[in-house]
Amino acid sequence: MEETVYYDKGGNKVTSARFIVGGTTHALSGITSVATRTTDFSKERGSYKLKGIALMVLGGICILGGFTEIASLIVGIILAFFGFRLFKKQPSDIHHLVTSSASGETEALSSIMYEQIKEIENAITDAIIARG
């Protein structure tokens, strides 16, 4: 019987018999269900903002004191710059593809690209449904 390909992008492949991710091949016959989970970094976002504000305030103090010393002015500008970068930094949520089998759950793939994880989940679901 010929294998039907449901997904084949970026080194990941789902066929009617196999699921290949990162060089590891999983037998589709052993997979009973598939799901996506997300690791939410919303708490860390607040931490980045708070640290960024603290660095910008410290940089501002150094800049104000730097009108008499050039070294303090330069350090203040550098601290304010990195504080602003840290304030703007947004850690990405990580999405996981979780497969279930008789032996338990396996986190088969993790990515910040939700669309990719969802496409692979849909392909595995289609292959499981086609298997019957």
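The values are calculated or read from the model by the stated rules, or taken from the named source; none is laboratory data. Everything numeric in this text was worked out from a predicted model, so none of it was measured. Please note: Cβ atoms are built from the backbone with ideal geometry, for glycine as well, and neighbour counts cover all protein chains shown.
Yes or no: segment 35-47 includes at least one residue that is surrounded by 17 or more Cβ atoms within 10 Å (Cβ to Cβ), under 25 Å from the mean Cα position of the chain (by Cα) and at pLDDT below 90.
Within segment 35-47, the first condition is being surrounded by 17 or more Cβ atoms within 10 Å (Cβ to Cβ), and the residues that meet it are none.
No, segment 35-47 has no match at all.
Does segment 80-132 hold any residues that are among the hydrophobic types (A, V, I, L, M, F, W, C) and touching a residue at least 60 places away in the same chain (Cβ under 8 Å), and which are they?
Restricting attention to segment 80-132, the residues satisfying the condition of being among the hydrophobic types (A, V, I, L, M, F, W, C) are 80-82, 84, 86-87, 94, 97-98, 102, 108-109, 112-113, 117, 120, 123-124, 127-130.
If the condition is that a residue be among the hydrophobic types (A, V, I, L, M, F, W, C) and touching a residue at least 60 places away in the same chain (Cβ under 8 Å), then L97, V98, A102, A108, L109, I117, I120, A123, I124, A127, I128, A130 are the ones that fit.
Residue by residue through segment 46-79, note down the ones that are closer than 26 Å to P91 by Cα and hydrophobic (A, V, I, L, M, F, W, C).
Result: L50, I53, A54, L55, M56, V57, L58, I77, I78, L79.
Within segment 81-113, can you find the residues that are more than 18 Å from G11 (Cβ to Cβ), of a type in the set (G, A, S) and assigned to a strand (DSSP E or B)?
Residues satisfying the conditions are S100, S101, G104.
Starting from residues that are closer than 30 Å to Q116 by Cβ and among the aliphatic types (A, V, I, L, M), keep the ones in segment 53-96 and report whichever is modelled with the highest pLDDT. So that I can check it myself, show each step before the final result.
Let us first name the residues in segment 53-96 that are closer than 30 Å to Q116 by Cβ, namely 85-96.
Then keep just the ones that are among the aliphatic types (A, V, I, L, M); that gives 86, 94.
Working: L86: 85, I94: 88.
So the residue we want is I94.
Listed here are the residues, each with its yes/no results for (1) farther than 30 Å from N122 by Cβ; (2) not acidic (D, E).
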| site | (1), (2) |
| --- | --- |
| D8 | no, no |
| T24 | no, yes |
| S29 | no, yes |
| T38 | no, yes |
| K49 | yes, yes |
| V57 | yes, yes |
| L73 | yes, yes |
| I77 | yes, yes |
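Specify which of the listed residues (F81, F87, F67) is among the aromatic types (F, W, Y) and surrounded by 15 or more Cβ atoms within 10 Å (Cβ to Cβ).
On the way: F81 fails: surrounded by 15 or more Cβ atoms within 10 Å (Cβ to Cβ); F67 fails: surrounded by 15 or more Cβ atoms within 10 Å (Cβ to Cβ).
The unique qualifying residue is F87.
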